[in-house]
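These notes concern the structure reproduced below.
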Amino acid sequence: MSENIIKNYLKDSIAAFRNYKQMADKSIEQVSDEEFFHKLDDEDNSIAIIVKHIAGNQRSRWTDFLTTDGEKVDRNRDTEFELIDDTRESLMTYWESSWQTLFDAIEPLTVEDFEKKVTIRGEEHTIVEAINRQLTHYAYHIGQITFLAKHFKSKDWKTLSVPKNKSAEFNEFLKKKKEQGEEKSHPLAAPQEFADLNK
């Protein structure tokens, strides 16, 4: 991989992580405490549990990212799916600190770092494989958070994407941004920007 490709990949990956976090944050902001902890059924996970699991995964995967296995020996994954004296405030504090651990690990990566290998559960990964593994994992769970929040809010949901019947207007929005010489938005960010304008 050339240096420019690596730099572009890293920039895009960081933007994707930030936009997925923003999507989750904007979803969580819309729900009450009761909705935050509510499970649709006994086999389902609440938003609170998904938040706890993502944060636990991030703490494990991104702490000492380049030098230790991504599955830390002190991680107890099973307890991430239990609520033990957890409050919304404590979980969101854990959420924020774990995302910061991710960004502290990924933002300083150099082109040379992409020549290294890391392990997750003893399996060797390239840096690209390790990043992609976590990016797809978080997208999966953040989709669940967004789905649950939208379900709870129903008609009061403040959309985070292109509103219904607004696709043509969204295309025009992108066209105007380009004509005005604005920097291209990340594909995850542009729909949220447009949704904010239409609130």
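Read-outs throughout are calculated quantities, based only on the coordinates presented, and are distinct from any laboratory measurement. Quantities reported herein were computed from a predicted structural model and do not represent experimental measurements. All Cβ positions, even for glycine, are placed from backbone atoms using ideal geometry, and neighbour counts span all protein chains on display.
Go ahead and collect, in residue order, the members of segment 165-199 whose backbone nitrogen is under 13 Å from a label point 7 Å along the Cα-Cβ direction of ARG18. Counting only backbone N, you get 184-190. Charging the Cβ of each Asp and Glu at -1 and of each Lys and Arg at +1, and nothing else, the dipole of segment 1-138 about its Cα centre rounds to 540 debye. Packing-based ranking of 40-49, 17-26 yields 17-26, 40-49, ordered from highest to lowest mean Cβ neighbour count within 10 Å. Using the Cβ-Cβ distance between ASP78 and LYS184 with R0 set to 41 Å, the FRET efficiency from 1/(1 + (r/R0)^6) comes to roughly 0.45. Checking the Cα-Cα distances for LYS158/LYS178; LYS7/LYS155; LYS11/LYS166; LYS21/LYS177; LYS72/LYS184; LYS117/LYS175 against a 32 Å cut-off, the pairs over it are LYS7/LYS155; LYS72/LYS184; LYS117/LYS175. Converting phi to 3J(HN,Hα) with the Karplus coefficients 6.51, -1.76 and 1.60 and the offset θ = phi - 60°, segment 143-153 yields x, 5, 4, 5, 4, 5, 4, 5, 4, 5, 7 Hz in sequence order, with x at every glycine or proline. Going by a ≥ b ≥ c, the root eigenvalues of the Cα gyration tensor, does segment 3-154 fall in the rounded group (a/c under 1.5), the prolate group (a/b larger than b/c) or the oblate group? Prolate shape, in that a/c is at least 1.5 and a/b is the bigger ratio. Rounded to the nearest 20, the size of the Cβ-charge dipole of segment 86-199 about its Cα centre is 820 debye, with Lys and Arg at +1 and Asp and Glu at -1.
Set Lys and Arg Cβ to +1 and Asp and Glu Cβ to -1, take the dipole of the chain about its Cα centre, and tell me which of LEU109, THR67, ILE6 lies farthest positive. Comparing the listed Cα positions along the dipole, ILE6 ranks first. Computed extension gain for HIS151 through VAL111, at 0.36 nm per residue and net of the alpha carbon distance, reaches 10.2 nm. When peptides 151-157, 187-193 are ranked by their average number of other Cβ atoms within 10 Å per residue, the highest-first order is 187-193, 151-157.
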